[in-house]
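These notes are about the structure you will find just below.
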Amino acid sequence: MHIQVTEDGPYEVTGSVPLAQQIIGADGQGQSVRWEQGVEYPVKEMYRLCRCGRSGSKPYCDGSHERAGFDGTEVASREPYLMQAGEQDGPEVTLTDAPALCAFARFCDADGQVWSLVEMDGQGGAVRQEAGDCPSGRLVAWDPAARRVAWEAVARTPLEPDLPPSIGLVEDPVQGVSGPIWVRGGITVTAADGTDYEVRNRVTLCRCGASRNKPFCDGSHAAIGFRDE
């Protein structure tokens, strides 16, 4: 399974990657608290996903990027996640955070902000849940025992959710917008220049065309009211 970012064009997905809507479920206060699966798309060996936000056949590309003169220049850092992230140590769990990757899904705000919860006794499970629900992988929880291991050591293992290789099209009913392309389960994403981005359990790719951190989402879909329709 592989995702190729094409120059000023779509994401070319190969390897029969499952594709389905992933809906942000909210509680009565509008807080993001769960993921709900929506429409499943037919499995194809290869398909092209729109990343300019203008296609008339979303989520697939219809060539609108060419007519619109879409500029898909990739500007995201090529550094590994841990080189971009800060670390916060709590009594039960350690949290790393790379703000540049934020996709504005807001799971980190449920039941008190995750950065406050990490400092509290008895909240390790909540921190793991909120970090694990973060689609972009901005937030990652770690076993605090890993503090005794050198930062770069192979033995440092994240407390990651078990995500099967697949792609989710995020929908955000509370905000009334369509969110990013959620790449799950360690699928390789290759830049237009042929360089592989770090393979991670979860990343979010821009599909509204407005991100200033292309190819990754930066939450711009919420600011522009992007809808996949």
key: Value at 222 nm in deg cm²/dmol, rounded to 500, when DSSP H runs of n ≥ 4 in the chain each add -39,500 (n - 2.57)   = -2500 deg cm²/dmol
request  = Translational diffusion coefficient, Stokes-Einstein: compute it for the range 1-73 using the Kirkwood radius over C-alpha pairs as Rh, at 37 °C and 0.692 mPa s, and state it as an integer in µm² s⁻¹.
outcome  = 237 µm²/s
message = Quick check: the distance between the Cα centres of the range 1-31 and the range 164-229, to the nearest angstrom?
response = 6 Å
ask   = Quick one: Karplus J couplings for the range 95-108, per residue in order, coefficients 6.51, -1.76, 1.60, θ = phi - 60°, nearest Hz, x for Gly and Pro?
value = 10, 10, 8, 10, x, 4, 8, 4, 10, 6, 8, 6, 5, 6
query = Lys/Arg Cβ at +1, Asp/Glu Cβ at -1, dipole of the range 1-125 taken about the Cα centre: which of Phe107, Ile24, Leu95 is farthest positive-ward?
reply = Ile24
note = Binned at 10 Å from zero, the C-alpha pair distances of the range 71-222 give percents of 11, 40, 35, 12, 1
message = If amide hydrogens are placed 1.01 Å from N in the peptide plane, which non-local residues have theirs closer than 5 Å to the one on Tyr60?
response = Cys50
task = Taking H placed 1.01 Å from N in the peptide plane, check which residues at least 5 places from Gly25 or on another chain put their amide H under 5 Å from its amide H.
result = Val33, Arg34, Trp35, Glu36
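Subtracting the Cα-Cα distance from 0.36 nm times the residue separation, let me have the gained length for Glu7 to Arg212 in nm, one decimal.
That pair, Glu7 and Arg212, stretches by 72.2 nm at full extension.
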key: Folded to 0 to 90 degrees: helix 124-133 orientation relative to the chain principal axis, Cα   = 10 degrees
note = Computed from the beta carbon distance with a Förster radius of 45 Å, FRET efficiency for Lys44 and Ala145 to the nearest 0.05 stands at 0.55
task = Please give the peptides 164-173, 193-202, 66-75 ranked by average Cβ packing (other Cβ atoms within 10 Å per residue), highest first, as a rough proxy for protection.
result = 164-173, 193-202, 66-75
query = Any idea how far apart Asp27 and Ala68 come out in nm if each label point goes 7 Å out from Cα toward Cβ?
reply = 3.7 nm
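Coordinate-derived values only; no laboratory data. Not measured: the values here are computed from a predicted model. Because the Cβ atoms are built from the backbone with ideal geometry, glycine has one as well, and the counts that use them run over all protein chains shown.
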